[in-house]
Amino acid sequence: MATTTYPAAALAGTGNTTTPYDVGLPVLRLVLGAIMFVHGTQKLFRWFDGPGVKGTGMFFKKAGYPAGETMAAIAGLTETLGGLGLVLGLLTPLSAAAVVGIMINAITTKWTGDVVGMEGVEFEALITAAAVTLALTGPGRFALDRFLPVLRHHRVSYGILALALAVVLAAVVLLLRD
């Protein structure tokens, strides 16, 4: 069984060769970004049968967050903009980190000790893993980040720094809970 070896330039997406990463990463970005965009707009605008800011705010208040509607608006904006950023491949490390920060709060709020089932957090864990993957690998070749000089050539350090920021901000938000 033969294996395919890709030159470093092709893996980095700098040559004219389309790699598996160039095809696979946009699929992951589009699906994850769309999921997050839908969830965010449910919170903000009641789209897709969502509860809107008021309904989501009541959930946040019940979960122990202060200023429920403000927290709902922040969560909705984070999900919407993070999702849109992933779909477009724009500011990908920060967009993915926004998703990670939201998911840290979602897992912490929802988790009762079960991993699977109605009380489980497997969906949230999968979203978190996908977002971490995108933060560390970058958006792939077909992304708007390719037009930004700083992000044109993704570095693992960008993802690590963005994820560290997400963890710190998520921890700060969790500390605000009752």
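The values are calculated or read from the model by the stated rules, or taken from the named source; none is laboratory data. These numbers come from a predicted model, not from an experiment. Cβ: placed from backbone, ideal geometry, glycine included. Neighbour counts: every protein chain shown. The protein model used for the area step is the full one, side chains on, heavy atoms only, and it has no ligands, DNA or RNA in it. Shrake-Rupley method; radii C 1.70, N 1.55, O 1.52, S 1.80 Å.
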Exercise for the section: Provide the net charge surrounding ALA135, with neighbours chosen by a C-beta distance below 15 Å and charges set as Lys +1, Arg +1, Asp -1, Glu -1. Expected result: +1
Exercise for the section: Could you tell me how many degrees, from 0 to 90 and to the nearest 10, lie between the Cα long axis of helix 156-175 and the main elongation axis, the longest principal axis, of the Cα atoms of the chain? Expected result: 0 degrees
Completion exercise
If each part is reduced to its alpha-carbon centroid, the range 139-178 and the range 105-128 end up apart, in Å, by 22 Å
Fill in the blank from the handout: Heavy-atom accessible area with a 1.4 angstrom probe orders ILE104, ILE160, most exposed first, as ILE160, ILE104
Problem - For the range 130-178: accessible area per residue (Å², 1.4 Å) - result: 60 Å²
Practice task
Could you work out the mean projected area of the convex hull around the alpha carbons of the range 42-178, in square nanometres to one decimal?
Solution key: 8.6 nm²
Problem - On Cα atoms only, tilt of 92-110 relative to the major axis of the chain in degrees - result: 40 degrees
Practice task
Return one number: the angle in degrees, 0 to 90 and rounded to the nearest 10, between the long axis of the Cα atoms of helix 68-88 and the longest principal axis of the Cα atoms of the chain.
Solution key: 10 degrees
